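The values are calculated or read from the model by the stated rules, or taken from the named source; none is laboratory data. Every value quoted in this text rests on a predicted model; they were computed, and no experiment measured them. Cβ: placed from backbone, ideal geometry, glycine included. Neighbour counts: every protein chain shown.
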Amino acid sequence: MDITRATDTPSRRGNPDWFTGTVWQDPIVDPPAPARARAARVAFEPGARTAWHTHPLGQTLHIVHGVGRVQALGGPVREVRAGDTVVIPPNEKHWHGASPTHGMVHIAIHEFDGEKHVTWMEKVTDADYAVEPSR
Ligand code: MN
């Protein structure tokens, strides 16, 4: 058994190639093989969001704070709030982020297939982000 302390790993700024706005990432678990589960806490300031991307084995997002937006390619922009859980299937193109007026924090969980965690694509444009969300 191993305990990782809060002070062991500094918060990481989201890479501006893959994120719009200010995003902070704090790893939760990145265990040695054969374990596959990976989790991180990710905090988005208002207006911040990921670029479009896919995960080879899918991803689960659990919103722990604030108000956010998520969208799968071809679907509506959806509003999510603290307590909501979003399940994204393998290889579904999507993005996630804060609302324009409220920050959002989620726990992001995925399984690592041994090769890739994520495939990054183009940024979400301001016009696409500004679409009025549905619940
Ligand atoms: Mn994702």
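Just a few scattered comments:
- Among the residues of region 72-83, the one identified as under 25 Å from Glu115 (Cα atoms) and either within 11 Å of the ligand (Cβ to nearest atom) or surrounded by 18 or more Cβ atoms within 10 Å (Cβ to Cβ) (or both) is Ala72.
- Residue within region 79-91 that is out of contact with any strand residue (DSSP E or B) (no Cβ under 7 Å at 6 or more places or on another chain) and under 20 Å from Ala40 (Cβ atoms) present: yes
- Residues of region 84-98 satisfying the condition of being near the ligand (Cβ under 10 Å from one of its atoms) and not in a strand (DSSP E or B): Glu92, Lys93
- Yes/no for Val105 being more than 12 Å from the chain's Cα centre (by Cα), surrounded by 14 or more Cβ atoms within 10 Å (Cβ to Cβ) and either of a type in the set (A, V, I, L, M, F, W, C) or part of a helix (DSSP H, G or I) (or both): no
- Exactly one residue out of Trp18, Trp24 is under 14 Å from the mean Cα position of the chain (by Cα) and free of Cβ contacts under 8 Å to residues at least 24 places away in the same chain: that is Trp24.
- So Trp24, is it in contact with a Leu (Cβ under 8 Å, 6 or more places away or on another chain) and either modelled with pLDDT of 95 or more or acidic (Asp, Glu) (or both): no
- First in region 120-132 and part of a helix (DSSP H, G or I), second anywhere and of a type in the set (Val, Ile, Thr) and modelled with pLDDT of 95 or more, Cβ under 9 Å, 6 or more apart: Asp126/Thr20; Asp128/Val77; Tyr129/Thr20; Tyr129/Val77
- When the residues of region 7-59 are filtered to those that are within 13 Å of the ligand (Cβ to nearest atom) and assigned to a loop (DSSP other than H, G, I, E, B), the one that is farthest from Val124 (Cα to Cα) is Leu57.
- Residue that is nearest to Pro16 (Cα to Cα), among those in region 69-83 that are touching a residue at least 40 places away in the same chain (Cβ under 8 Å) and part of a loop (DSSP other than H, G, I, E, B): Val77
- Condition met for Gly66 (away from the ligand (no atom under 13 Å from the Cβ), over 30 Å from Asp2 (Cβ atoms) and assigned to a strand (DSSP E or B)): yes
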